[in-house]
Amino acid sequence: VNLAGSWPTGGTVPDYFGSSFTGSKTYERTVTVPSGWGGKTIKIYFGADQHKADVYVNDQLVGSHTGGWAAFDFDITNRVSAGQTFDLRVVVNGSNALKGSNGYFIWPVGGWSNKAGIADEVFLRAYGSVHIEDAFIKTLKSSNQIQVEYTVKNSGSSSKTVTLSGDCVKSGGSTVEKTISTSVTLAAGERKTVTVSGSWTNPTLYFPDSPQLYLLKSRIVNGANTIDTETRRFG
C-alpha cells in the first residue's frame, strides 16, 4: 500500500527535499490495514528520510533511523490488525540531529545537509510467515553465472522447509530466461542467508546505448502454496 499523498502537515510524501530546516517536522496520517492481510508479517517501509526519523504507531515509538540515503523498515505486526486503522506519525529531524556538541557533523550527510524531510515514498507492506528480507544480485559475466544472496526469515512459530526460487525476465517482457532455485529449512524465528546460483550463458548485457534491464521475480513456496513474492530490477 503506497502511503504517498497529502499529510495533515500540508506537505506531500515524498517531500523530495522540499523543506529547509534544522529542527524537526512532524508528518501524521491514519492508515487502514487491508482486511486480507490477516496472518501476514506487516512492515512500514521508507525509501529515504533526511536526516533522522522517529516512527510512531498509535503514539508508541516503533523505531528510529539515522542517515538520509538508505531505505529502512520496521516490523509493526504486533501493533496493528488486519481491517483496522492506526495512527502513523513520523518525526523528522534536520541536520542538527547529526551534529555533536562541538557543532561538527558526526554522521555522513552527503550534499543535502540544508534540506530535510521525507525524501522518498512510504509503503505499508505485507509478507508471508516465511519471507524474503533482502536479495543481493550478482551477475558474473566472467563465469557466465548469476548468483543471488537471499536473506530469508521465518516469522512463524514452527520450523518450515520451503522452496526459494527466482525467475529472470527482461524488464517489459514476460519470457523467463533463467530460473534459480533451492530448498531452505528454517527454525521458528530463524533468519538465514543462502546463496542461489546457476549458469546463464546468453543474457542480454547492459550497455549505455542499449540499457537492457532484467527483473528478478522471487517467490517462496511451501507445498502447493506461494507464501511470499518480491521483484527486484538488475542489469
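The values are calculated or read from the model by the stated rules, or taken from the named source; none is laboratory data. Computed from a predicted model, the values in this text were never measured in an experiment. With ideal geometry, Cβ positions are generated from the backbone for all residues, glycine too; neighbour counts draw on all protein chains shown. Note: accessible area is taken over every heavy atom of the protein model, side chains too, but ligands, DNA and RNA are not part of it. Shrake-Rupley method; radii C 1.70, N 1.55, O 1.52, S 1.80 Å.
Tabulated data
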{"quantity": "Residue with peak Gaussian network fluctuation, the chain [Cα springs, cutoff 10 Å], from PRO203, PRO211, PRO34", "calculated": "PRO211"}
{"quantity": "For segment 118-162, radius of gyration divided by Kirkwood radius, i.e. Rg to Rh on alpha-carbons", "calculated": "1.14"}
{"quantity": "Cα-based reach from LYS40 at 22 Å (exclusive), listing lysines while leaving out same-chain residues under 8 positions away", "calculated": "LYS153, LYS160, LYS192, LYS217"}
{"quantity": "Orientation-averaged projected area, Cα convex hull of segment 117-223 (nm²)", "calculated": "9.4"}
{"quantity": "Largest-first principal axis extents, alpha carbons of segment 148-211, Å", "calculated": "50, 19, 19"}
{"quantity": "Linear extension gain, SER181 paired with GLN212, 0.36 nm per residue minus alpha-carbon span", "calculated": "8.8 nm"}
{"quantity": "Contact order relative to length of the chain, as percent, for alpha carbon pairs under 8 angstrom and 6 or more apart", "calculated": "19"}
{"quantity": "Å² of accessible area per residue within the chain, as computed with a 1.4 Å probe and no ligands counted", "calculated": "50"}
{"quantity": "Cα Rg, Dmax, the chain, angstrom units", "calculated": "20.3, 60"}
{"quantity": "By average C-beta atoms within 10 angstrom, highest first, the peptides 84-94, 50-60", "calculated": "50-60, 84-94"}
{"quantity": "Heavy-atom accessible surface of segment 138-192: percent carbon and sulfur, 1.4 Å", "calculated": "41"}
{"quantity": "Relative contact order (%) - criterion: Cα under 8 Å, at least six apart; region: segment 170-218", "calculated": "47"}
{"quantity": "Cβ-defined net charge surrounding ASN225, 14 Å radius [Lys, Arg +1; Asp, Glu -1]", "calculated": "+2"}
{"quantity": "Net charge of neighbours whose Cβ lies under 12 Å from the Cβ of LEU215, counting Lys and Arg as +1 and Asp and Glu as -1", "calculated": "+2"}
{"quantity": "Spin-label model distance (nm) - THR85 vs THR163, 7 Å beyond Cα toward Cβ", "calculated": "4.3"}
